[in-house]
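Trainee: Following this message is one structure expressed as structure tokens.
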There are 2 protein chains.
Amino acid sequence: MTAREVGLPAEVPAEGLPESVTIWEVGPRDGLQNEQAVVPVEVKLELIDRLAGAGLTTIEATSFVHPRWVPQLADAEALLAGLTRRDGVRYPVLVPNERGLDRALAAGVTHIAIFASATETFARRNLNRSLDEQFAMFEPVVGRAVAEGLDVRGYVSMCFGDPWEGRVDPSAVVDVGRRLLDMGCSQLSLGDTIGVATPGQVDALIDAFTAAGTPVSALAVHFHDTYGQALANTLAALRRGVSTVDSSAGGLGGCPYAESATGNLATEDLVWMLDGLGVSTGVDLDALATASAWLADTLGRPSPSRVVRALRG
Amino acid sequence: MTAREVGLPAEVPAEGLPESVTIWEVGPRDGLQNEQAVVPVEVKLELIDRLAGAGLTTIEATSFVHPRWVPQLADAEALLAGLTRRDGVRYPVLVPNERGLDRALAAGVTHIAIFASATETFARRNLNRSLDEQFAMFEPVVGRAVAEGLDVRGYVSMCFGDPWEGRVDPSAVVDVGRRLLDMGCSQLSLGDTIGVATPGQVDALIDAFTAAGTPVSALAVHFHDTYGQALANTLAALRRGVSTVDSSAGGLGGCPYAESATGNLATEDLVWMLDGLGVSTGVDLDALATASAWLADTLGRPSPSRVVRALRG
């Protein structure tokens, strides 16, 4: 018998959690952009459709970053042209600059995301800009996007630790996040890009945002599992009222700066916990694990998700 | 720069946690008993000494189960004879029956553990006994051990889910656990043997024990990471006041009934979280990860611990 055949996980709610959680699925973008080989657009389209079929309602589809930097996503236009959009599903795309926004608008995108840094060092390494210069870059992107009626999410990376600066102060993250909200972002995704956070840091950062007047409904969390902490940190965030959680089907992807192969929190491991807690997600765990197992077979290597490995061998 | 060189994890306490946690290290017993190949006694002795050197104060050393069932630990006498006992370190051993107790007493052991089932089906499959028969088997073991001045821990397996019965009712676990305490066990280790629990179940089981009059100080938790839930469940248990946590250096071992290679919570991943939370353990994370990396090299395969892989490549 498998655990699923005997009705596991058992549903036993815990106090102080949201009734439902929106999972922001990043696998097709954040996952596949870190693959060594370029995945064919047909495979990406089938993955996205399988994920939507499993009940995910927010699927980050691709990125309009310059193909020189991320050749894995050079097929962004072809992918969006080939996408069968389902009712009730959002397909946001990452947009790094005004040229990317032009491409997104031409492709008929309605939801975009920008990718900012909480730290000076990572801004310089990843964007080749100072912190102030990153805002100067994003301001016209967000301004034009909002004027065109687009919804804009702001990723904030290195919110808990940075590989060069070490510990990151919550007030620095709040400053960056609030500037993005003031620009017109509707939501922040607080990223533990190198996976070093622990639950007390999560509490402290969310408290710092709410003390500064940011409603918790404007906050999402994005944890990496590099040090095995992602799901414990997610639990802490849920207890603080966060109800949007980023994860990656099958645990695909992560940060190329991290020192190990482990990256994003696996959507299946998250759904296992939320199903157990009776927190509604709309996701069918078995259909999701089947999609990830199919992708792992297609990519020719095992899924990093523990649930996928346990259920699918 | 590595995360450790820049002072990570950052220490940020969270409310409602114990000031210190005792880690009950099970790697040398629960980990190595699940190895395909028999590990030489010299390697086991070096592992145990390295773990003690890293600051672990409770190291489950071996088992007096019959060598026919667990040939990997057939060297229990040789191991205990070769052990350099350090001040302040306990080296408990697993004892399945009276014959095992005789061997433990002859070897001069001071701390033993017995391994009971919370479910009828697992009792029959693992012990070839009914639930009532398991108590009849353990009663003289615990009685004689306590009369000889030994400390006895009671493992309770399948506390949250069972691969044949599915969900396990907390009241059934409390009944089994209280019978073990009444027999003379000083502590229960509540095991999620197949790794299916979620945090609401953890809260409910600990609450059921405290409602029945068992102090939380008599409870330890033992989570498996088969579905990626172990650390989130540990966090839930800590918030309920549990201050003894079982884990395995490098994530060694687990349950042979589980459907994947992932098993015990890795001690390093636990220590990362506790260090970040400012919960004292006495363990030096770098020395511990070095010990686990050494053992992984010796066994010829990578450590399942995410911290070990991230820090040691």
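The values are calculated or read from the model by the stated rules, or taken from the named source; none is laboratory data. Bear in mind the structure is a predicted one, so any value in this text is a computation, not a measurement. A quick note on method: Cβ atoms are made from the backbone with ideal geometry, for glycine too, and the neighbour counts reach across all protein chains shown. To get the accessible areas, we keep the full protein, side chains included, count just its heavy atoms, and leave off ligands, DNA and RNA. Shrake-Rupley method; radii C 1.70, N 1.55, O 1.52, S 1.80 Å.
Trainee: In whole Å, what are the Cα extents of the stretch A:44-84 along the three principal axes, biggest one first?
Mentor: In descending order, the Cα extents are 33, 16, 11 Å.
Trainee: Hey, can you find the accessible area per residue of the stretch B:20-312 for me, probe 1.4 Å, expressed in square angstrom?
Mentor: 33 Å²
Trainee: Moving to a separate point now. Write down the percent of antiparallel bridges among all DSSP beta bridges whose residues are both part of the protein assembly as shown, to the nearest 5.
Mentor: Percentage antiparallel, nearest 5: 10.
Trainee: Return the chain B residue and its Cβ-to-axis distance, rounded to the nearest Å, for the rotation relating B to A.
Mentor: Taking the axis that maps B onto A, the answer comes out as B:A232, 2.
Trainee: Continuing with this model, one more query. Note down, for chain A, the three equivalent ellipsoid semi-axes (square root of 5 times each alpha carbon gyration tensor eigenvalue), biggest first, whole angstrom.
Mentor: 28, 24, 18
Trainee: Put a label point 7 Å from Cα along the Cβ direction on B:P67, then list its distances to the equivalent points in the other copies in nm, shortest first.
Mentor: 6.7
Trainee: Provide the descending list of Cα extents for the stretch B:21-99 along its principal axes, expressed in whole angstroms.
Mentor: Here the spans come out as 33, 26, 22 Å, largest first.
Trainee: For A:W164, place a label point 7 Å out from Cα along the Cα→Cβ vector, do the same in each other copy, and report the separations in nm, one decimal, smallest first.
Mentor: The answer, with the shortest distance listed first, is 5.9 nm.
Trainee: At B:A37, label 7 Å along Cα→Cβ: distances to the other copies, nm, ascending?
Mentor: Its label point is 3.2 nm from the equivalent points in the other copies.
Trainee: Then there is this: With N denoting the number of residues in the stretch B:142-285, provide Rg(C-alpha) divided by 2.2 N^0.38 Å, to two decimal places.
Mentor: Dividing the Cα radius of gyration by 2.2 N^0.38 Å gives 1.03.
Trainee: Where nothing but the Cβ of Lys and Arg (+1) and of Asp and Glu (-1) is charged, how large is the charge dipole of chain B around its Cα centre, in debye to the nearest 20?
Mentor: 360 debye
Trainee: Let me ask something else. Once you have the alpha carbon radius of gyration of the stretch B:88-201, what is it after dividing by 2.2 N^0.38 Å, with N set to its residue count?
Mentor: In units of the globular-protein estimate, the stretch B:88-201 measures up at 1.06.
Trainee: Test of understanding: in a Gaussian network model of chain A with alpha carbons linked when under 10 Å, which of A:A197, A:A232, A:A249 would top the mean-square fluctuation ranking?
Mentor: Comparing A:A197, A:A232, A:A249 in the GNM, the peak value goes to A:A232.
Trainee: For the protein assembly as shown, count all C-alpha to C-alpha pairs, find those more than 47 Å apart, and express that count as a whole percent of the total.
Mentor: In whole percent, the share of Cα-Cα pairs in the protein assembly as shown beyond 47 Å is 16.
Trainee: Same structure again: Treat every Asp and Glu Cβ in the protein assembly as shown as -1 and every Lys and Arg Cβ as +1, leave all other atoms uncharged, and give the resulting dipole magnitude about the Cα centre to the nearest 20 debye.
Mentor: Around 600 debye, computed over the protein assembly as shown.
Trainee: How many partner chain Cβ atoms sit within 10 Å of a residue's Cβ in peptide A:218-229, on average, as a whole number?
Mentor: For peptide A:218-229, the averaged partner shielding equals 5.
Trainee: What's the total accessible area buried between chains B and A, using a 1.4 Å probe, rounded to the nearest 100 Å²?
Mentor: 4200 Å²
Trainee: At what distance in angstrom do the alpha carbon centres of the stretch A:150-218 and the stretch A:1-74 lie from each other?
Mentor: 22 Å
Trainee: How big is the antiparallel share of DSSP beta bridges in chain A, given as a percent to the nearest 5?
Mentor: Roughly 10 percent of the DSSP beta bridges within chain A come out antiparallel.
Trainee: Specify which residue in the list A:A310, A:A123, A:T193 is farthest towards the positive end of the charge dipole of chain A, using unit charges on the beta carbon of Lys, Arg (+1) and Asp, Glu (-1), about the Cα centre.
Mentor: Looking along the dipole axis, the top candidate is A:A123.
Trainee: Follow-up question, since we're still on this one. Mind checking the alpha-carbon convex hull of the stretch B:160-223 and giving the volume per residue in Å³?
Mentor: 78 Å³
Trainee: Place a +1 charge on the Cβ of each Lys and Arg in the stretch A:158-212 and a -1 charge on the Cβ of each Asp and Glu, then give the dipole magnitude about the Cα centre in debye, rounded to the nearest 20.
Mentor: 100 debye
Trainee: Please compute one quarter of the surface area of the Cα convex hull for the stretch A:130-194 and express it in square nanometres.
Mentor: 4.3 nm²
Trainee: With springs connecting C-alpha atoms under 10 Å apart, model chain B as a Gaussian network and identify which of B:A104, B:A218, B:A172 has the largest mean-square fluctuation.
Mentor: B:A172
Trainee: Continuing with the same structure: Give me the percent of the accessible area of the stretch A:20-312 that comes from carbon and sulfur atoms, probe 1.4 Å, all protein chains in place.
Mentor: Roughly 49 percent of what the probe reaches on the stretch A:20-312 is carbon or sulfur.
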